[in-house]
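Here's the structure, in structure tokens; my notes come after.
Bear in mind that the values in this text are calculations on the coordinates, not laboratory data. Note that the structure is a prediction, hence the values are computed from the model and not measured. Neighbour counts run over all protein chains shown; Cβ positions are idealised from the backbone, glycine included.
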Amino acid sequence: MDILLISASPRKARSGTWALAKHVVRGLGPQARVETVHLRDLKIGFCTHCEACHVACMRCPVKDDVHDLLEKILAADGIILAAPNYINQVPAALKAVLDRSSHFIHCKRLSGKYLCAVVTSGSGTKDGLILDYLRHYANICGAQFSGGVTACARAVQKKAAEAVRFGARFSRDISQRRRYPAQIRAIRGAMAHFANIVGMRKDHWRGEYAYWKERGWL
Ligand SMILES: Cc1cc2nc3c(=O)[nH]c(=O)nc-3n(C[C@H](O)[C@H](O)[C@H](O)COP(=O)(O)O)c2cc1C
């Protein structure tokens, strides 16, 4: 089982979110091969809305480290998004990655994968908003979201045992192909929505239209 841990804190070794995420990783078990990526180490620009990735799947004229990262996401069975709460949202570094992955949304490229989140904040409040947002992102990309662990920055260590248990559950979700019924409905809804949009834009989004056609989704 291949797991990609994306850590969005710029504080790397001093990051409480990464510290908590490492407990989740401990819980995954021996079958998990884990690769960790710190966004701080990468150069990732903003999406320019040029739509090149829709015209030819995955093509992007912004030459930076996002290309490798998106390939790593596609190669993983499970993705752990470790994000400090920045004004009740993910940090801009992670949002930039999500924006640059809009082809994943159009073509449901994360179908069959599982995402989860690790969130910390100074106050320990409103972290659920970030979990909700990342569940939405997972579902519109076709993936299921196993939930996450949250902690107040001052109390990360107190959540260690919960994080280990959560890691074990995330691992089980992946190996047993767990289905979350409400999320399956959300994924189907997103499929219907994008079938419509990709169909309407077929003359421009040729690559994505072909992708849907090849799979018999249209
Ligand atoms: C730009 C910025 C915005 C933040 N916004 C919030 C916030 O809205 N609510 C909150 O409780 N903490 C907020 N914090 C505090 C961080 O979420 C908190 O310190 C977090 O645990 C840092 O994680 P890290 O150690 O992994 O970097 C903010 C911190 C920064 C730098």
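Residues of segment 70-97 that are under 26 Å from Arg172 (Cβ atoms), away from the ligand (no atom under 16 Å from the Cβ) and not small (Gly, Ala, Ser): Lys72, Ile73, Leu74, Asp77, Ile79. Among the residues of segment 36-48, those that are under 26 Å from Gln144 (Cα atoms) and more than 16 Å from the ligand (Cβ to nearest atom) comprise Ile44, Phe46, Cys47. Residues satisfying the criterion are present in segment 116-130 (criterion: crowded, with 22+ Cβ neighbours inside 10 Å and among the acidic types (Asp, Glu)).
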